[in-house]
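The values are calculated or read from the model by the stated rules, or taken from the named source; none is laboratory data. All values derive from a computational prediction rather than experimental measurement. Cβ atoms come from the backbone with ideal geometry, glycine included; neighbour counts cover every protein chain shown. Keep in mind that these areas ignore ligands, DNA and RNA; they rest on the heavy atoms of the full protein, side chains included. Shrake-Rupley method; radii C 1.70, N 1.55, O 1.52, S 1.80 Å.
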Amino acid sequence: MTNRRQFIMTIVPAAAVLSGVTCAHAQAAKVDEKVPAAVGLLYKHDGTKVDAKKYPQYKAGNICGNCQFYQGKEAWGVCPLLGGKQVAAKGWCTAWAKKA
Ligand code: SF4
């Protein structure tokens, strides 16, 4: 009986912790550069690879990580303009706007 109780007292909190971990990892998917919304905004995972001559809207240093729409503090964060999917902090698109 004690073993069964100990088992339950161990497994229930562990399951609660694991379910929290699962939720943390169940974040939005990373956006695909090839989906129409991303193509339309010329989104790139790496802003430094944008051809500034072809796309003069791009300015060095303007990245998702310092865009007002970027939601996150990690290497990937959510962008509401791309369907709530994750974009790279070093990414860029034509809708970039300086974070206030
Ligand atoms: Fe990145 Fe901002 Fe464009 Fe979203 S709107 S993809 S955060 S530059």
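Within segment 69-100, the set of residues being assigned to a loop (DSSP other than H, G, I, E, B), more than 8 Å from the ligand (Cβ to nearest atom) and open to solvent by 60 Å² or more (accessible area, probe 1.4 Å) comprises Lys73, Glu74, Ala75, Gly83, Lys90, Lys99, Ala100.
Look at segment 45-64: where a residue is more than 12 Å from the ligand (Cβ to nearest atom) and a partner is in a loop (DSSP other than H, G, I, E, B) and polar (S, T, N, Q), sitting 6+ places away or on another chain with Cβ atoms under 8 Å, you get Tyr55/Thr94.
With the checklist (1) open to solvent by 80 Å² or more (accessible area, probe 1.4 Å); (2) at pLDDT 95 or above; (3) not polar (S, T, N, Q) in hand, flag the one item Arg4 doesn't pass. Going through (1) open to solvent by 80 Å² or more (accessible area, probe 1.4 Å); (2) at pLDDT 95 or above; (3) not polar (S, T, N, Q) one by one, Arg4 breaks only (2). For Asn66, the requirement of being touching a helix residue (DSSP H, G or I) at 6+ places or on another chain (Cβ under 9 Å), polar (S, T, N, Q) and over 16 Å from Gln27 (Cα atoms) is not met. Scanning segment 38-68 for residues being open to solvent by less than 50 Å² (accessible area, probe 1.4 Å) and in a helix (DSSP H, G or I) gives a total of 4. For first residues located in segment 73-100 and touching a residue at least 24 places away in the same chain (Cβ under 8 Å), partners that are acidic (Asp, Glu) and part of a loop (DSSP other than H, G, I, E, B) and lie 6+ apart or on another chain with Cβ distances below 9 Å form the pairs Lys85/Asp32; Ala88/Asp46; Ala89/Glu74; Lys90/Asp46; Gly91/Glu33; Gly91/Asp46; Trp92/Asp46. Here Lys85, Lys49 are screened, and the one residue that is more than 17 Å from the chain's Cα centre (by Cα) and of a type in the set (D, E, K, R) is Lys49.
Here's the yes/no breakdown for (1) at pLDDT 95 or above; (2) touching a Gly at 6+ places or on another chain (Cβ under 8 Å); (3) of a type outside the set (Ser, Thr, Tyr):
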position	(1), (2), (3)
Ala14	no, no, yes
Ala29	yes, no, yes
Ile63	yes, yes, yes
Lys85	yes, no, yes
